[in-house]
Amino acid sequence: AARYQTPWGWMQAGNKLQYHAFWIRDASLMSNALDLAGLHEAAAQNIDFISNFQQPNGQFISQRGQLDATGEALWIMAEHARLTANSSACATQLASMDKAVQWIADVTTADPLGLLPLTNPGDGELITGHITGDNIWTIAGLRSAISCALVASRPDLAAKWGAVDTRLEASLHTALTAAVARAGYIPPALDTSGGQEGNNYTASFPVQVISPTDPWVAATIAWNQKHSSEGLPTYDDGKSLHDYFSFSIFQTELSAGLQGNNPASVQAALDGFYAELGHTTSTDAGWEWNITPYGNRSSAQNLTPHDTFSADYVTFFRNLLITDTPTGVTLGAGVSPAWVKPGKKITVNNAPAGPSGSSGVVSYTLTGTSNGAVLQWSSTLGANVPLSWSLPYWARKARAGNLALSHVIPLNTASGALRVTWSGVASNLSYLSTTTALARAYRQHHQAPPFQLATR
């Protein structure tokens with residue numbers, strides 16, 4: 001809704017009210033959501049607009065002091081090429097990527113810690129220091145660019161950029177070791193205490209710079225949960241809810257559940273999904289911050305709708321149904337108990353998917369039965385990309401006929417159908433159960449719920 005034509009191309013703003021401006025970070029997340037929804041033309045137009053913000057020295061920057069933008073620009077260029085299965089899109093971006101990587105090499109070589117320079121983003125973390133998220137996003141961008149170079153048959157560039165990435169990753173590991181020892185989790189800044197949470201939550205998503213099952217990441221998730229309210233993270237030293245920073249945490253919980261075979265982590269991610277739904281406006285919009293926990297949800301200075309929330313929501317909902325792993329694609333990892341009741345049906349049509357360096361489209365229908373579900377699927381991913389079905393987090397003792405099955409079932413053909421039965425008791429998790437519990441919590445805080453209960 002906040003995309004519009006300018007003399008320099010299509011601009012993707014945060015909204016046309018308070019956030020009628022341009023951030024590479026937000027535009028990258030929005031463009032990725034458009035690609036995941038199959039709206040590739042709009043995503044391409046957004047990415048073209050980002051190119052206006054590359055400086056002569058190679059840096060991408062749209063807001064003063066915000067040094068995460070170069071990594072985000074590299075990431076979205078590579079993601080767009082992946083999700084459109086277009087190797088030529090990588091080739092056309094190599095010159096721009098090379099300039100950006102050279103800027104990264106120059107500034108990290110000059111920095112005494114081997115990191116992105118000292119800065120104050122004036123947003124998000126609200127602290128002066130070596131910002132953790134700047135370096136995480138830069139590594140995410142480097143890894144993405146390297147993948148793009150390989151797709152474009154440029155191993156020379158991949159090797160050159162890989163050397164820059166290796167140095168930066170080593171510097172970040174050294175700095176994080178000290179920072180986590182000091183803070184107990186991955187903090188906003190690497191070399192100083194304090195600040196607000198922000199891109200330090202992105203260590204494992206959208207690129208797994210650090211494994212989602214790593215103890216540092218687990219400690220960060222635990223810190224987030226301890227400082228959450230109403231199921232959402234807090235901001236401004238706990239005085240406000242934040243509506244979209246949490247998506248990176250929920251996405252990480254989903255990945256940790258898949259890779260660590262941990263159903264409780266998947267359930268936590270789905271709890272987060274419903275917590276987000278429980279805070280949408282009457283038109284299903286989201287916001288940013290300046291909403292007091294257990295208050296009346298009004299703000300005189302922070303205006304809805306916020307397109308970054310919308311993008312994060314679209315991406316997370318998609319990933320609950322189709323998850324790109326580092327090596328393949330998994331179906332149904334985060335389905336809700338409310339979606340696979342007997343006769344209920346989930347349908348996904350021609351969804352772009354695939355791991356880094358490979359992509360195609362996936363379609364499937366999942367129909368609930370009295371004691372399991374039936375999956376029908378088709379895929380153009382190719383035989384070299386593993387496709388699997390992750391059963392719902394509550395499923396136990398799964399069987400196909402007389403054959404016992406693991407929780408994650410390999411799908412070894414491009415199309416097919418599979419009926420699976422399971423035991424295990426699903427919770428009553430749903431939009432209604434979530435908002436009912438939230439209304440009860442408001443009353444316990446002596447506040448009337450600022451919403452009406454309704455089914456979805």
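The values are calculated or read from the model by the stated rules, or taken from the named source; none is laboratory data. All figures in this text were calculated on a predicted structure; none of them were measured in a lab. As a convention, Cβ positions derive from the backbone with ideal geometry for all residues, glycine included, and neighbour counts pool all protein chains shown. Remember, those area values only see protein heavy atoms, side chains included, never the ligands or the DNA or RNA. Shrake-Rupley method; radii C 1.70, N 1.55, O 1.52, S 1.80 Å.
Excluding G14 itself, what net charge comes from residues whose Cβ is under 15 Å from its Cβ, given Lys and Arg +1 and Asp and Glu -1? In short, -4. Over the range 103-222, accessible surface divided per residue gives 35 Å², non-protein components excluded, 1.4 Å probe. In this simple spin-label model, placing a label point 7 Å from the Cα along the Cα-to-Cβ direction at both N428 and S229 gives a separation of 2.8 nm. Straight-line cross-link reach from K160 at under 27 Å between alpha-carbon atoms covers these lysines, not counting any fewer than eight positions away in the same chain: K99. Protection proxy ranking of 195-208, 17-30, 350-363, by the mean of other Cβ atoms within 10 Å over each peptide's residues and highest first, is 195-208, 17-30, 350-363.
Looking at the chain alone, DSSP beta bridges between its own residues are antiparallel in about 95 percent of cases.
When a/c reaches 1.5 or more, the comparison of a/b and b/c decides; with that in mind, is the range 216-292 rounded, prolate or oblate per its Cα gyration tensor? In terms of gyration-tensor shape, oblate. Among the helices of the chain, those built from whole DSSP H runs whose Cα atoms reach 24 Å or more along their own axis and whose mean Kyte-Doolittle hydropathy is at least -1.0 are 87-110, 132-151, 155-183.
Loop-located trypsin sites (Lys or Arg not before Pro) in the range 52-132 (DSSP state not H, G, I, E or B) with no more than 13 neighbouring Cβ atoms inside 10 Å: R64. Using the Cβ of S193 as centre and a radius below 15 Å, the other residues enclosed give a net charge of -3, where K and R count +1 and D and E count -1.
Loop-resident trypsin sites (Lys or Arg not before Pro) (DSSP state other than H, G, I, E or B) in the range 177-273 with no more than 16 further Cβ atoms inside 10 Å of their Cβ: K239. With the simple spin-label model, which puts each label point 7 Å out from Cα in the Cβ direction, the T192 to L39 separation comes to 3.9 nm. When a/c reaches 1.5 or more, the comparison of a/b and b/c decides; with that in mind, is the range 229-388 rounded, prolate or oblate per its Cα gyration tensor? Prolate, since a/c reaches 1.5 and a/b exceeds b/c. Multiplying the residue separation of Q301 and A170 by 0.36 nm and subtracting their alpha-carbon distance yields 43.0 nm. When a/c is below 1.5 the answer is rounded, else prolate if a/b is larger than b/c, else oblate, so apply that to the range 171-304 with a ≥ b ≥ c taken from the square roots of the Cα gyration tensor eigenvalues. Note, shape of the range 171-304 comes out oblate.
Computed from point charges on the beta carbon alone (+1 for Lys and Arg, -1 for Asp and Glu), the dipole magnitude for the chain about its Cα centre is near 1580 Debye.
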